[in-house]
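K.L.:
I'd like to ask you about the structure that follows.
The values are calculated or read from the model by the stated rules, or taken from the named source; none is laboratory data. Note that the coordinates shown come from a computational prediction; the quantities given were computed from them, not determined experimentally. All Cβ positions, even for glycine, are placed from backbone atoms using ideal geometry, and neighbour counts span all protein chains on display. Just the protein is used for accessible areas: all its heavy atoms, side chains included, with ligands, DNA and RNA removed. Shrake-Rupley method; radii C 1.70, N 1.55, O 1.52, S 1.80 Å.
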Amino acid sequence: MAEKVLMKGNEAIAEAAIMAGCRHFFGYPITPQTEVAAYMAKRMPKMGGTYLQAESEIAAINMVYGASSAGVRAMTSSSSPGISLKSEGLSYMAGSDLPAVLVNIQRGGPGLGGIRPSQSDYFQATRSSGHGDFHMIVLAPNNVQEMFDLTIEAFELADQYRMTAMILGDGMLGQVMEPVDISRGEAASNVTKDWALTGTKGQRKRNVINSLYLEAEELEMLNLKRFEKYAEVEKIARTDNYLTEDAEVIIVAYGICARIARNAINEARKKGIKAGLIRPVTLWPFPKNQLKAAAEKAKAFVVVEMSMGQMIQDVELSIRCSRPVHLCSRTGGMVPTPEAVLEAIENAAQAERS
């Protein structure tokens, strides 16, 4: 029987992490993700785990580095400017091939910006989370149940591929309350971590975890090998589609924008416009093949996002600019309305008839 609990999105992430076997959380308060840390502060001691409010976001990510090196499941969370402070540590973790889960509940920017919801960290998450050649797995929930489910999946993927997996949400998803089925939450890692720093007990050669390689040839080899792994990770790219079978105008949106877009699509259908939705669940790897296939039938695309236009570039690249791609966006903490999305759909359909 399903066990449903009314939870905020931030609380669902925290509870999912605990049920996934995470017993080490290091973080720092920042709106609108502070409930993640607050929930962990209450629950971790009861679970025999470690909750530590670090002196800074920089310290928190390096504590995750240390815990992950020992082979345990560890997590940190923050919001936009805090994630920027973690970028050096994220690069070190990638260079050391360490698994971890990172949560970003985005707020408006740049700078301190504001505390209202945003999606303006898309480039940071998918392209430039730190220096050097590396990627993170980026998962984008669009409801509280998915914030729970994808957090558990993030731990699984992180361990499987020895990568950081990010949950990329926004302030609205973090604060909204919805029923969550937590009955499917237990998930302990079954990945053998023979690379971890657990002490040799005199029985094996010692392990070394390091991201410094002074020989260029060695570093190149490691980067090439890492990108072979990334090629495997690209196979997990997936979408959640809505009314796309006959769609002539396809909306591409993730997170809260995808929920808003569904309402607009329903209204467009009432007006005789064949609209549909492709919602990327994985932002990296981006579902390029799914978008490319959709472009064979669709006449136009509309990208809906809470930024000046970031994901739109991945849509254009995926379809090789074979179809017009329009942007419907708000920024600075403003959220697109269903009416604005409907107008964008109507404009795109009209442009194709002209």
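K.L.:
Solvent-accessible area of Y213, probe 1.4 Å, all protein chains present, reported in Å² to the nearest ten, please.
P.N.:
60
K.L.:
Sticking with this one: Less than 9 Å Cβ to Cβ from P32, Lys/Arg counted +1 and Asp/Glu -1: what total charge do the surrounding residues give? Could you put the intermediate results ahead of the total?
P.N.:
Values: positive: R107, R116; negative: E35, D170.
So the environment of P32 carries a net charge of 0.
K.L.:
Hey, another quick one. If you rank K288, K8 by how much accessible surface each has, with a 1.4 Å probe, what is the order from largest down?
P.N.:
Details: K288 95, K8 45 Å².
The residues order as K288, K8, largest area first.
K.L.:
Evaluate the charge dipole of the range 126-281 about its Cα centre and quote only its size in Debye, nearest 20, assuming +1 on the Cβ of each Lys and Arg and -1 on the Cβ of each Asp and Glu. If you can, show how the numbers build up before the last one.
P.N.:
On the way: 20 positive and 23 negative charges, 29 e Å.
About 140 debye.
K.L.:
Largest first, what is the accessible-area ranking of Y242, Y122 with a 1.4 Å probe? Display every interim value, and only then the final one.
P.N.:
Working: Y242 50, Y122 0 Å².
In descending accessible area the options line up as Y242, Y122.
K.L.:
Let me ask something else about it. With an 8 Å Cα cut-off and a minimum separation of 6 or more residues, compute the relative contact order for the chain in percent.
P.N.:
It comes to 18 percent, rounded to a whole number.
K.L.:
Let me ask another. Taking H as built 1.01 Å from N, whose amide H comes closer than 5 Å to the amide H of A100, not counting residues under 5 places away?
P.N.:
Residues meeting the criterion, in which the H sits 1.01 Å from N, are M163, T164, A165.
K.L.:
Let me ask you something else. Give the calculated FRET efficiency between Y230 and A196 to the nearest 0.05, with a Förster radius of 22 Å applied to their Cβ-Cβ distance.
P.N.:
E(calc), rounded to 0.05, equals 0.50.
K.L.:
Answer with one residue from A165, V208, V176: the one whose Cα lies farthest towards the positive end of the charge dipole of the range 158-211, charges on Cβ with Lys, Arg +1 and Asp, Glu -1.
P.N.:
Sorting the options by dipole projection puts first V208.
K.L.:
Report, to the nearest whole %, how much of the accessible area of the chain belongs to carbon and sulfur atoms, 1.4 Å probe, protein only.
P.N.:
On the chain, the fraction of accessible area on carbon and sulfur atoms equals 52 percent.
K.L.:
Springs between alpha-carbon pairs under 10 angstrom, Gaussian network model over the chain: which of S77, S307, S318 fluctuates most?
P.N.:
The residue that fluctuates most here is S318.
K.L.:
Considering only A16, A268, A67, give the residue with the highest GNM mean-square fluctuation for the chain, with springs between Cα atoms whenever their separation is below 10 Å.
P.N.:
A268
K.L.:
What translational D, rounded to a whole number of µm²/s, comes out for the chain from Stokes-Einstein when the hydrodynamic radius is the Kirkwood one over Cα pairs, at 20 °C and 1.002 mPa s?
P.N.:
Answer, rounded: 103 µm²/s.
K.L.:
Please enumerate, by chain and number, the lysines with C-alpha under 18 Å from the C-alpha of K271, excluding those fewer than 8 residues away in the same chain.
P.N.:
K299
K.L.:
Considering only the chain, what is the antiparallel percent among its DSSP beta bridges, to the nearest 5?
P.N.:
30
K.L.:
To the nearest 20 debye, what charge dipole does the chain have about its Cα centre, counting +1 at the Cβ of each Lys and Arg and -1 at the Cβ of each Asp and Glu? Write down the numbers at each step before the final one.
P.N.:
Numbers: 38 positive and 40 negative charges, 73 e Å.
Here the chain has a charge dipole of around 360 debye.
K.L.:
While we're here: Whole angstrom only: what separates the Cα centroid of the range 290-335 from the Cα centroid of the range 75-130?
P.N.:
23
K.L.:
Please state the charge dipole magnitude for the range 54-121, taken about the Cα centre, from unit charges on C-beta atoms (+1 on K and R, -1 on D and E), reported in debye and rounded to the nearest 20.
P.N.:
Roughly 220 debye for the range 54-121.
K.L.:
Moving on to the next point. Whole-Å semi-axes of the range 51-187's equivalent ellipsoid, largest first, each the root of 5 times a Cα gyration tensor eigenvalue?
P.N.:
The three semi-axes for the range 51-187 are 21, 20, 13 Å.
K.L.:
Please express the Cα-Cα pair-distance distribution P(r) of the range 264-354 as a list of whole percents, one per 5 Å bin, running from 0 to the bin with the greatest distance.
P.N.:
Cα pair-distance distribution for the range 264-354, in percent: 3, 14, 23, 25, 22, 11, 2, 0.
K.L.:
Between the alpha-carbon centers of the range 211-228 and the range 133-206, tell me the distance in whole angstrom.
P.N.:
Here the two parts' Cα centres lie 25 Å apart.
K.L.:
Just from its helices, what would the mean residue ellipticity at 222 nm be for the chain, if runs of 4 or more DSSP H residues each count -39500 (n - 2.57) and the sum is divided by every residue, rounded to the nearest 500 deg cm²/dmol? Display every interim value, and only then the final one.
P.N.:
Working: 13 runs with 144 residues, N = 354.
Helix contribution divided over all residues of the chain: -12500 deg cm²/dmol.
K.L.:
Next up: Amide H to amide H, which residues 5 or more places from G114 or on other chains are under 5 Å from it, using H placed in the peptide plane?
P.N.:
Counting only residues 5 or more places away or on other chains, the set is G108, G109.
K.L.:
Quick one: give the max-minus-min coordinate of the C-alpha atoms of the range 110-169 along each principal axis, largest first, in Å.
P.N.:
35, 34, 13
K.L.:
Which lysines have a Cα less than 21 Å from the Cα of K292, not counting those fewer than 8 places away in the same chain?
P.N.:
Straight-distance partners of K292: K235, K274.
K.L.:
Next question. Which value, in Å² rounded to 10, gives the accessible area of T164 with a 1.4 Å probe and all protein chains present?
P.N.:
Rounded to the nearest 10, that gives 10 Å².
K.L.:
Sticking with this structure for a sec: Near the amide H of L327, under 5 Å away, which other amide H atoms are found, from residues 5 or more places off or on another chain, if H is placed in the peptide plane?
P.N.:
V303
K.L.:
Within 12 Å, Cβ to Cβ, of A351, how many net charges do the neighbouring residues add up to if Lys/Arg are +1 and Asp/Glu are -1?
P.N.:
Spelling it out: positives minus negatives among the neighbours equals 0.
K.L.:
May I ask for the equivalent-ellipsoid semi-axes of the range 1-71, computed as the square root of five times each C-alpha gyration tensor eigenvalue and listed largest first in whole Å?
P.N.:
Numbers: eigenvalues 95, 47, 18 Å².
For the range 1-71, the semi-axes come out at 22, 15, 10 Å.
K.L.:
Which value in Å does the Kirkwood hydrodynamic radius of the range 114-226 take, with 1/r averaged over all unlike C-alpha pairs and then inverted? Don't skip to the answer; put the middle values down first.
P.N.:
Values: mean 1/r = 0.0578 Å⁻¹.
Over the range 114-226, the inverse of the mean reciprocal pair distance is 17.3 Å.
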